[in-house]
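S.K.: Just dropping this structure here.
Since every read-out is calculated from the coordinates, none of them should be taken as a lab result. On a predicted model such as this, the values are computed, not experimentally measured, just so you know. Because the Cβ atoms are built from the backbone with ideal geometry, glycine has one as well, and the counts that use them run over all protein chains shown.
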Amino acid sequence: MSSNNQKAGSDFGEFIALFARTVEQNAGFYLKSLVANLGWLDTSFPDWYVWLALLAAMAVSLFGAAPQKVAVDAKAKLICFSFFILFFAAAHFHVYWTDGHYSCGNDAFIKGIQGRYFLPLSPLPFVALCNRNRAMERIGRYNGVVANLVALCSMLLTIPILEARYCG
């Protein structure tokens, strides 16, 4: 049994502190590698695009569906958000426990996790944000404009990145 396996089993509180420090330190990297890396860590979209895509996803979640069409109650939202957090923590625990990507010293954190690992579960927090308030419907009519703006930005940014990567 490796030292990380023994440590993970014996001091779960230390893992929680390490997990919190890791998330605090890497939150921006997780967002950028989820939204804007195109699968390559050395190629990414600008930071403004990451925030635009995140804000667009939040807007569509909050203002997107008519209340009569949304069947996501508070319990379902809690389950979606909890499942995402559980998977997020489990991925960190797995790396900490099995691979030992653990940096020692005063600035210890878990290394080796990228935002794209969470792509399959990334809709869950946005489902948890889903709003059933009828007053929000008026704002939601602009979701198509927002989605098209993000799609246009994605296309305009992707073409030169791919051209430079493969043709330049």
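S.K.: Give me the number: length gained by fully extending Trp48 to Phe12, i.e. 0.36 nm times residue separation minus the C-alpha to C-alpha distance, one decimal in nm.
M.R.: Separation in residues times 0.36 nm, less the Cα-Cα distance, equals 9.2 nm.
S.K.: While we're on this one: Give me a comma-separated list of calculated 3J(HN,Hα) values for the range 83-98, in order, Karplus coefficients 6.51, -1.76, 1.60 applied at θ = phi - 60°, integers in Hz, x for any Gly or Pro.
M.R.: So the Karplus estimates, Gly and Pro as x, are 5, 4, 4, 4, 5, 4, 5, 5, 4, 5, 5, 4, 5, 4, 6, 8 Hz.
S.K.: How much length would be gained if the chain were fully extended between Leu119 and Phe87, taking 0.36 nm per residue of separation minus their Cα-Cα distance, in nm to one decimal?
M.R.: The Leu119-Phe87 span can extend by a further 10.4 nm.
S.K.: Could you list which residues have their amide H under 5 Å from that of Ile110, counting only those 5 or more apart in sequence or on another chain, with H placed in the peptide plane?
M.R.: Residues meeting the criterion, in which the H sits 1.01 Å from N, are Thr22.
S.K.: Rounded to the nearest 0.05, what FRET efficiency do Tyr166 and Ala76 have when you use their Cβ-Cβ distance and R0 = 35 Å?
M.R.: Result of the calculation: an efficiency of 0.20.
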